[in-house]
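Contents: one structure, followed by commentary.
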């Protein structure tokens, strides 16, 4: 998977997965070593070009847009560099996708502690934007990082961890691509484990009544709510003993559930709703009632990751966990007032507080609301109204998903915002690692 394509006129263009952002780099390099990454940065700096490292472009914002920049495509810089099975420390190259990482760890008998439901991102892109999964006692992917290696704006190669250059480490684990080009990520992994998955439709009022028990009583819990439906799809994943046998869904059942129903059929339903908006509400209600229960067990990465072939636009905010029900109720009421209907469900997850400066869960247990709309359908009124709701409780936006906040607003939400800007200025005083998005959210003008 690549976000880069060459047009008929020979111009290289970058497009994100959501197809909401397009950029034309001034230059493109495809390094296959740390030395080549350093050379690419030094060359760009000599030419006074901003630098942007590129992964797979699985984003909804312009955080990775490399317009008129020196683009560094990391797709050739992949693989595991070292692995200590005893300690679980694994060092992986920055361009490695999570899908590739999961396969490599599986061969080693290891696994990530927690994951999101998409595996298309590079490991460096995932941590840089604050990608997360769900689990009341678990943090985002960046909390699993033990050390980083980066190439800074002057071409120097540095390492950081909690013991070595700790301020850079606390900033760079969710660094937005503003501090340098990450070259390797050292992760704390553990022995491969299985999850027992239980996925079933539950009346939304019942979910709300049992919410505390659902959150604290399971290792991983999330639910999807269709805005006009009465039911939510509740997903509960719990660890099994290490010697447990897996009982995955049969291949025909997997094809029916995930390929056919959740992608092919659902995409067709969405297309109908886009063509005939007055059908969205009944189709939405039908989708919520058509959900089927399923229970199975499998290796963790096969349970965490979900096939997603239906494209969408997305905004996601983290709010204090204690605000979850209030935000949900306001969202339910707001959706009914919109001029244009909402085709896609809302995804709600949880995560534990962490100590990473630009993490959405910095120093607070968090609930995440991810709202979506089908491409080609109006979304701005919906997304704007959503932002107003979460703003009342100090909502923090996911860095890779659509939001309208600038540095002035973000400064009030992140206690270590100015510390991050100070470290960024120290390692990149000439603002080599910049683009329009970073200029907006970090005030780099």
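Which ordering of 164, 199 is given by a fewest-first count of other beta-carbon atoms within 10 Å?
Numbers: 164 12, 199 20.
Result, fewest neighbours first: 164, 199.
What number in nm² do you get for region 295-363 if you take the convex hull of its Cα atoms and divide its surface by four?
Values: hull surface 29.9 nm².
Mean orientational projected area (region 295-363, Cα hull): 7.5 nm².
Kindly rank 115-126, 297-308 from highest to lowest mean number of other beta carbons found within 10 Å of each residue. Intermediate values should be presented prior to the final figure.
Numbers: 115-126: 23.1, 297-308: 18.8.
Put in order of decreasing packing, that is 115-126, 297-308.
Which value in nm describes the separation of the simple spin-label points at residue 161 and residue 332, placed 7 Å from the Cα toward the beta carbon?
Here the modelled spin labels are 4.8 nm apart.
Please give the per residue volume of the convex hull enclosing the alpha carbon atoms of region 15-81, rounded to a whole number of Å³.
On the way: hull volume 5.1 nm³, N = 67.
Dividing the Cα hull volume of region 15-81 by its residue count gives 76 Å³.
Taking the Cα centre of each part, how many Å lie between region 200-249 and region 368-445?
30
Subtracting the Cα-Cα distance from 0.36 nm times the residue separation, let me have the gained length for residue 322 to residue 258 in nm, one decimal.
19.8 nm
Once both axes come from the Cα atoms, what is the angle between helix 380-391 and the longest principal axis of the chain, in degrees from 0 to 90, rounded to 10?
So the inclination is approximately 80 degrees.
Based on alpha-carbon centroids, what's the gap between region 115-147 and region 284-324 in Å, whole number please?
Value for the Cα centre distance between the two parts: 16 Å.
In what order do 342, 158, 265 fall by count of nearby beta-carbon atoms within 10 Å, going from fewest to most? Present the calculation step by step, with values, prior to reporting the outcome.
On the way: 342 23, 158 17, 265 14.
Least to most surrounded, the residues fall as 265, 158, 342.
Is region 275-328 best put as rounded, prolate or oblate by its Cα gyration tensor, with a ≥ b ≥ c the root eigenvalues, rounded for a/c under 1.5, and otherwise prolate when a/b is larger than b/c, oblate when not? Walk me through the numbers on the way to the answer.
Numbers: a/c = 1.68, a/b = 1.12, b/c = 1.49.
Oblate.
Provide the packing ranking of 133-142, 411-420, i.e. peptides ordered by the mean count of other C-beta atoms within 10 Å per residue, highest first. List each step's numbers first, then the result.
Details: 133-142: 22.1, 411-420: 15.6.
Going from most to least packed, we get 133-142, 411-420.
Relative to the longest principal Cα axis of the chain, at what angle does helix 417-427 sit, 0 to 90 degrees, rounded to 10?
30
Tell me the mean residue ellipticity at 222 nm calculated for the chain from its helices only (DSSP H runs of n ≥ 4, each -39500 (n - 2.57), averaged over every residue, nearest 500).
Numbers: 15 runs with 128 residues, N = 445.
Only helices count here, giving -8000 deg cm²/dmol.
For region 194-397, how big is the tail of P(r) above 20 Å, as a whole percent of Cα pairs?
Working: 12293 of 20706 pairs.
Taking all Cα-Cα pairs of region 194-397, the fraction more than 20 Å apart is 59 percent.
Helix 280-289 sits at what angle to the longest principal axis of the chain, using alpha carbons and giving 0 to 90 degrees rounded to 10?
On a 0 to 90 degree scale, this one is about 80.
Note down the Stokes-Einstein diffusion coefficient of the chain in µm²/s, whole number, using a Kirkwood radius over alpha carbon pairs, 10 °C, and 1.306 mPa s. Don't skip to the answer; put the middle values down first.
Numbers: Rh = 22.4 Å.
It diffuses with D of about 71 µm²/s by this estimate.
Give the peptides 329-335, 364-370 in descending order of average Cβ contacts within 10 Å, highest first. Present the calculation step by step, with values, prior to reporting the outcome.
On the way: 329-335: 15.7, 364-370: 22.3.
Output ranking for 329-335, 364-370: 364-370, 329-335.
Calculate, in nm to one decimal, what residue 388 and residue 278 gain on full extension: separation in residues at 0.36 nm each, minus their alpha carbon distance.
On the way: separation 110, 0.36 × 110 = 39.60 nm, distance 2.60 nm.
Working it through step by step, the gained length comes to 37.0 nm.
Per residue, how big is the convex hull around the C-alpha atoms of region 109-237? Give it to me in cubic angstrom, could you? Before the final figure, lay out the partial values.
Values: hull volume 17.5 nm³, N = 129.
Convex hull of Cα atoms, per residue: 136 Å³.
For a quick check: sort 249, 176, 260 by the number of other beta carbons within 10 angstrom, fewest at the front.
Numbers: 249 18, 176 22, 260 12.
Fewest-to-most ranking of 249, 176, 260: 260, 249, 176.
Read the figures in this text as sums done on the coordinates, not as results from a lab. All values reported here derive from a predicted model rather than from experimental measurement. Every residue, glycine as well, gets a Cβ built from its backbone with ideal geometry; the counts of neighbours run over all protein chains shown.
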